[in-house]
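Here is the structure we will look at, set down as structure tokens.
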Amino acid sequence: MSTLEPILQVRGVSLSFKGVKAINELSFDVLRGEICALIGPNGAGKSSLLNLLNGVYRFDSGEIVFARQRFRRIDPLDAARRGIGRTFQNNALFKKMSVIDNLLTGLSRHMRSHFLEQALGLPRARREAEAFRRKAQHILQLLELQAVRDVPVGTLSYGRQKRVELGRALIAGPTLLLLDEPMAGMNAEEKQEMARFIADVNRDLGTTVVLIEHDMGVVMGLSDHVVVLDYGRKVGDGTPAEVQGNPEVIAAYLGAVH
């Protein structure tokens with residue numbers, strides 16, 4: 001359930017590649033605690049927007065306000081430290097490593113003990129490793145992965161691998177989670193399951209979620225808020241019901257979906 005305070009404000013942001021506008025003076029707010037879906041046809045600028053929000057790209061103009069802090073430039077490490085987590089369209093998991101070890105890689109940027117402390121098993125390194133294991137165990141339970149915690153990720157079904165990737169993004173405790181097509185390539189049952197886990201994360205951890213998704217049934221059932229992009233500009237912004245009834249949205253996107 002969202003509060004009224006925006007956790008994220010995108011203000012007049014533009015991005016170009018070789019003179020071609022990918023995002024054109026885009027503005028919208030995401031309220032703390034909500035699930036916001038970004039929708040639009042291929043090439044609308046959705047993934048480019050996520051890349052701006054976590055520092056992979058730098059925007060040409062405008063500003064982003066996250067947790068009341070303004071920034072014009074940010075890099076992925078700084079974004080992670082500020083509390084912005086991210087998954088990508090393609091799994092970037094370590095296929096030969098176990099589920100729990102894949103989750104623990106999501107904490108590597110937050111490690112405070114040094115290599116020598118870890119190698120010698122010194123007290124700070126041991127305390128840190130134990131704290132990391134507790135966090136991983138919590139995520140395993142939340143995403144119902146306890147039964148496969150020691151199984152190599154490469155042997156799991158596609159749906160479960162996507163769940164592990166979600167867990168790896170969650171383990172550091174982000175306040176804002178960016179999900180780039182978390183249900184791409186899934187069958188209907190896997191999509192339902194992933195939607196349930198995203199809703200659980202939002203409710204149980206209080207994590208604000210911004211996700212890209214093409215399945216309108218999933219979007220309308222899961223989201224509190226929908227932003228519609230078309231060729232880099234915003235053509236819709238509101239509740240799922242408001243967006244579904246917007247003639248410009250229907251013309252740009254929804255009218256082509258059956």
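No lab work stands behind these numbers, since they all come straight from the coordinates. As the structure is a prediction and not an experimental result, all values here were calculated from the model. For neighbour counting, all protein chains shown are included, and Cβ atoms are generated from backbone atoms with ideal geometry for every residue, glycine included.
Calculate the FRET efficiency for Ser16 and Glu144 from the Cβ-Cβ distance with a Förster distance of 35 Å, rounded to the nearest 0.05. Here the calculated transfer efficiency is 0.20. Prolate is the label for the range 135-247, because a/c, from the alpha-carbon gyration tensor with a ≥ b ≥ c as root eigenvalues, is 1.5 or above and a/b exceeds b/c.
Given [x] 66, 56, 39; [y] 44, 39, 32; [z] 62, 40, 37 as candidate values of Cα extents along the principal axes in Å, which corresponds to the one derived from the coordinates? Label [z] holds the value from this structure. Subtracting the Cα-Cα distance of Gln69 and Arg81 from their residue separation scaled by 0.36 nm leaves 3.0 nm. Straight Cα distances below 26 angstrom link Lys46 to the lysines Lys18, Lys21, Lys162, Lys191, Lys234, with same-chain residues fewer than 8 positions distant left out. Mean residue ellipticity, 222 nm, helices only, the chain: the sum of -39500 (n - 2.57) across DSSP H runs of n ≥ 4, divided by residue count and rounded to 500, is -11000 deg cm²/dmol. Derived scalar couplings between HN and Hα for the range 205-211 equal 9, x, 7, 6, 10, 10, 10 Hz in order, rounded to whole Hz, by the Karplus curve 6.51 cos²θ - 1.76 cosθ + 1.60 (θ = phi - 60°), x for Gly and Pro. Suppose we keep just the DSSP beta bridges with both residues in the chain; what percent of those would be antiparallel, to 5? Roughly 55 percent of the beta bridges in the chain run antiparallel, per DSSP.
Distance between the modelled labels on Ser27 and Gln9, one decimal in nanometres: 1.0 nm (7 Å Cα→Cβ projection). The packing ranking, built from the mean of other Cβ atoms within 10 Å per residue, places the peptides 41-53, 77-89 in the order 41-53, 77-89, highest first.
Taking amide H as placed 1.01 Å from N in the peptide plane, the amide H of Tyr57 sits under 5 Å from that of Leu52, each at least 5 places away or on another chain.
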